[in-house]
Amino acid sequence: MNVDYYPNSVFSQDVDFSFYLIFMISIFFLVGITAFMVFSVIKYSRKNNPKASNIEGHTGLEIVWTIIPTILVMFIFYFGMQGFLKMRNVPEDAMEIQVDAGMWWWKFTYPNGLEQSTAQGLTVPADTPIYLPLHSVDVIHSFYVPAFRVKMDVVPKPEGAPLNYTWFEASQLGDFDIFCAEYCGLNHAQMLSKVHVLTKPDYLKWMDEELAKQKAQVAENPGLVLLTSKGCVACHSSDGSNRIGPSFKGLFGKTEIVVTNGVDSEIVVDEAYLKESILEPSKNIVKGYQPLMPPLPLTADELGAIIEHIKELK
Ligand code: CUA
């Protein structure tokens with residue numbers, strides 16, 4: 001993996017400053033306290049002080065070790081708060097891209113309706129604030145871009161509450177890793193994507209090309225486009241290779257053993273079984289697989305297009 005953790009966004013300096021401030025203070029006290037402790041152990045040992053007496057209380061010392069840490073903590077709070085406010089206040093002119101997350105995929109939706117999958121990633125223009133409302137369709141995930149110092153929980157929308165959000169402004173061109181930073185089940189570690197940062201003209205060109213490409217793909221094979229945009233391909237391959245769920249290749253017409261409430265039975269994969277597997281995935285699980293798939297709400301047209309496509313994957 002090509003990992004680039006250099007500061008690449010407008011918050012990087014604030015986050016790194018707070019981090020190094022705390023780190024340096026910690027190093028200073030670690031070294032200072034350890035040295036003083038070693039010195040005291042030797043100097044005030046019983047051998048060197050056969051007639052040692054107890055000391056109790058020292059008001060001066062109490063005041064010193066209360067006031068100094070208080071001042072340090074206030075410093076840390078001040079710099080931490082500065083960075084925090086910057087991260088929570090989205091600039092007015094920010095461009096909005098909706099982030100949806102699920103087990104175990106990301107989806108990025110642009111204002112014009114363009115959708116990008118986990119594999120495609122999040123493409124953004126440089127030096128432009130990007131506002132990201134975050135929404136999970138199932139459990140808690142976390143949108144994490146280390147290079148931008150951005151990490152925010154992605155939670156299912158609570159009734160009546162606003163969506164969680166984050167924002168960033170990339171200041172360098174390139175590809176940067178997106179991780180899921182909240183343990184969300186079996187494939188948590190594979191919930192990886194990329195931010196692609198382009199110059200503004202390149203971004204506009206990319207957007208035009210991507211819209212044209214998607215339009216052509218939808219016209220040609222709507223089922224394949226849905227498999228990607230709905231995240232199916234994260235767990236189901238089309239080439240026979242084994243992932244979390246059965247491969248789509250040669251699936252239609254195949255005889256499978258399914259487990260229904262703990263009882264095995266043989267079925268032939270037909271349209272009805274495919275439909276059921278999408279709408280109620282945990283009802284009849286193919287033997288050897290775990291009931292991990294969430295029900296996928298689809299329109300009748302979408303369902304039809306997906307099933308047509310699976311039928312063609314011989
Ligand atoms: Cu999603 Cu971890």
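Looking only at the range 176-211, count every residue that is open to solvent by less than 60 Å² (accessible area, probe 1.4 Å) and either more than 16 Å from the ligand (Cβ to nearest atom) or small (Gly, Ala, Ser) (or both) and tell me the total.
Final tally of qualifying residues: 13.
Just give me the residues in the range 294-314 being open to solvent by less than 70 Å² (accessible area, probe 1.4 Å) and out of contact with any Lys or Arg (no Cβ under 7 Å at 6 or more places or on another chain), in sequence order.
Our first condition is that a residue be open to solvent by less than 70 Å² (accessible area, probe 1.4 Å); within the range 294-314, this holds for 294, 296, 298, 302-307, 309-311, 313.
Answer for the range 294-314, where residues must be open to solvent by less than 70 Å² (accessible area, probe 1.4 Å) and out of contact with any Lys or Arg (no Cβ under 7 Å at 6 or more places or on another chain): Pro294, Leu298, Glu302, Gly304, Ala305, Ile306, His309, Ile310, Lys311.
Give the residue that is farthest from the ligand (Cβ to nearest atom), with candidates limited to residues of the range 126-152 that are within 16 Å of Trp104 (Cβ to Cβ) and open to solvent by 10 Å² or more (accessible area, probe 1.4 Å).
His135
Working only within the range 218-229, note down all residues that are open to solvent by 50 Å² or more (accessible area, probe 1.4 Å) and at pLDDT 80 or above.
Pro222, Leu224
With the checklist (1) open to solvent by 100 Å² or more (accessible area, probe 1.4 Å); (2) within 16 Å of the ligand (Cβ to nearest atom) in hand, flag the one item Phe108 doesn't pass.
Every listed condition holds for Phe108 apart from (1).
Of the residues Phe19, Phe36, only one is more than 16 Å from the ligand (Cβ to nearest atom) and within 22 Å of Phe176 (Cα to Cα); which? Step through it out loud before you land on a result.
Values: Phe36 fails: within 22 Å of Phe176 (Cα to Cα).
Checking each option against the conditions leaves just Phe19.
What is the number of the single condition among (1) open to solvent by less than 50 Å² (accessible area, probe 1.4 Å); (2) more than 16 Å from the ligand (Cβ to nearest atom); (3) under 27 Å from the mean Cα position of the chain (by Cα) that Leu251 does not meet?
Unmet for Leu251, out of (1) open to solvent by less than 50 Å² (accessible area, probe 1.4 Å); (2) more than 16 Å from the ligand (Cβ to nearest atom); (3) under 27 Å from the mean Cα position of the chain (by Cα): (3).
Out of all the residues in the range 5-50, which are among the hydroxyl-bearing types (Ser, Thr, Tyr) and assigned to a helix (DSSP H, G or I)? So that I can check it myself, show each step before the final result.
Taking the range 5-50 as the starting set, the residues that turn out to be among the hydroxyl-bearing types (Ser, Thr, Tyr) are 5-6, 9, 12, 18, 20, 26, 34, 40, 44-45.
Selection gives Ser12, Ser18, Tyr20, Ser26, Thr34, Ser40.
Specify which of the listed residues (Lys86, Lys47, Lys43) is basic (Lys, Arg) and either within 30 Å of Ile130 (Cβ to Cβ) or in contact with a Leu (Cβ under 7 Å, 6 or more places away or on another chain) (or both). Explain how you work it out, then say what you get.
Working: Lys47 fails: either within 30 Å of Ile130 (Cβ to Cβ) or in contact with a Leu (Cβ under 7 Å, 6 or more places away or on another chain) (or both); Lys43 fails: either within 30 Å of Ile130 (Cβ to Cβ) or in contact with a Leu (Cβ under 7 Å, 6 or more places away or on another chain) (or both).
Result of the check over Lys86, Lys47, Lys43: Lys86.
Kindly indicate whether Cys235 is within 16 Å of the ligand (Cβ to nearest atom), open to solvent by less than 30 Å² (accessible area, probe 1.4 Å) and closer than 30 Å to Phe84 by Cβ. Full working, then the answer.
Working: within 16 Å of the ligand (Cβ to nearest atom): yes; open to solvent by less than 30 Å² (accessible area, probe 1.4 Å): yes; closer than 30 Å to Phe84 by Cβ: no.
So Cys235 fails the test.
The values are calculated or read from the model by the stated rules, or taken from the named source; none is laboratory data. No experiment lies behind these values; they were computed from the predicted model shown. Note that we place each Cβ from the backbone using ideal geometry, even for glycine, and neighbour counts take in every protein chain shown. Quick note on the areas: whole protein, heavy atoms, side chains included, nothing else; ligands and nucleic acids left out. Shrake-Rupley method; radii C 1.70, N 1.55, O 1.52, S 1.80 Å.
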